[in-house]
Amino acid sequence: MTIGLGGASLLFGVESPVYNAADIPPVPVLDSNLRFMGGLGLGLGLSLLWILPTIEKQVMIFRLIWLCALLGGVGRLVSLAQVGVPPLPLIVFAAIEVPGVPLLIYWQYRVSRAQEVQV
């Protein structure tokens, strides 16, 4: 999901399918920031894909990558509180990012611990 959404934002900016429902005008500063954040999302997604074969050993990098997503989700919640309700896809992303990240980190912790027990 991160790779696809990040890639779409990187390539299409405000014209990304993620933002179509919002009818966002092509403001250069916003488009630039959306493409930058898309590039970060794409890079983080590719990093997760790269560490996947040895996920049980990649504890710190896994946690750091997902911490970035958690902080982004917190930023979405702050925006919601201070600026207003964004389009539905962005609310869904926040609903996944904020509670989902701790669950993913816990899952990876369990995978890592299970590997230690087997060794």
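Read the figures in this text as sums done on the coordinates, not as results from a lab. Predicted model only: the values in this text are computed from it and were never measured. Quick reminder, even Gly has a Cβ in these numbers, built from the backbone with ideal geometry, and neighbours come from all protein chains shown.
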Whole-Hz ³J(HN,Hα) for each residue in the stretch 55-65, computed from phi via Karplus 6.51 cos²θ - 1.76 cosθ + 1.60 with θ = phi - 60°, x for glycine and proline: what do you get? 4, 5, 9, 9, 4, 5, 5, 4, 5, 5, 4
So I have (i) 116; (ii) 124; (iii) 94, and one of them is volume of the Cα convex hull per residue in Å³ calculated from this model. Which one is it? (iii)
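Just subtract the alpha-carbon distance of Y109 and L71 from 0.36 nm times their residue separation and send over the number in nm, one decimal. All intermediate terms of the calculation are to be shown ahead of the outcome.
Details: separation 38, 0.36 × 38 = 13.68 nm, distance 1.96 nm.
Stretched out fully, the Y109 to L71 stretch lengthens by 11.7 nm.
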Largest fluctuation, G100, G84, G73 only, Gaussian network model of the chain with Cα springs under 10 angstrom, belongs to G84
Take the Cβ-Cβ distance between I91 and V59 as r, set R0 to 35 Å, and report the resulting FRET efficiency rounded to the nearest 0.05. 0.70
Which of these, P25, P17, P87, has the largest mean-square fluctuation under a Gaussian network model of the chain (Cα springs below 10 Å)? P25
Apply the Karplus parameterisation 6.51 cos²θ - 1.76 cosθ + 1.60, with θ equal to phi minus 60°, to every residue of the stretch 35-43 and state each ³J(HN,Hα) to the nearest whole Hz, in sequence, with x for glycine and proline. 5, 4, 5, x, x, 5, x, 4, x
Which one, L88, V117, G45, is farthest towards the positive end of the dipole of the chain when Lys and Arg carry +1 and Asp and Glu -1 on their Cβ? V117
Comparing V92, V18, V59 in a Gaussian network model of the chain (Cα, 10 Å), the one with the largest mean-square fluctuation is V92
Work out the length of the dipole vector of the chain about its Cα centre, built from +1 on the beta-carbon of each Lys and Arg and -1 on the beta-carbon of each Asp and Glu, and round it to the nearest 20 debye. 340 debye
Point-to-point label distance, D23-I51, nm (Cα→Cβ direction, 7 Å offset): 4.2 nm
